[in-house]
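Structure record follows, encoded as structure tokens.
The values are calculated or read from the model by the stated rules, or taken from the named source; none is laboratory data. In this text, all values refer to a predicted model and were calculated from it rather than measured experimentally. Here the Cβ positions follow ideal geometry from the backbone for every residue, glycine too, while neighbour counts run over all protein chains shown.
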């Protein structure tokens with residue numbers, strides 16, 4: 001399993017994001033604006049699933065119950081932050 005401290009230290013996380021990580025998660029996660037943001041190891045070989053991207057976002061309520069749909073998967077932190085900053089709950093359809 002990835003070393004969470006190493007993951008978090010390798011990527012500065014915006015202060016407005018709340019740490020929502022649980023000990024049984026494969027990687028650290030954060031919550032902001034109703035989004036659940038996953039941050040995995042920089043080295044794909046160190047990830048629990050080597051075929052995943054470093055970053056992924058779900059809606060908070062989807063993640064808690066069912067894994068939900070992935071809104072974005074990327075290895076680019078700037079792309080991730082832009083998505084979070086531009087996100088509004090109006091974009092969510094029922």
Completion exercise
The strands (runs of 3 or more DSSP E) lying entirely within segment 34-94 that contain at least 1 residues which are surrounded by 12 or more Cβ atoms within 10 Å (Cβ to Cβ) and at pLDDT below 90 are 55-59
Problem - Any chance residue 15 is out of contact with any strand residue (DSSP E or B) (no Cβ under 9 Å at 6 or more places or on another chain), surrounded by fewer than 12 Cβ atoms within 10 Å (Cβ to Cβ), over 28 Å from residue 89 (Cβ atoms) and at pLDDT 90 or above - result: no
Practice task
Give the number of residues within segment 21-33 that are in a loop (DSSP other than H, G, I, E, B) and either modelled with pLDDT under 90 or crowded, with 18+ Cβ neighbours inside 10 Å (or both).
Solution key: 8
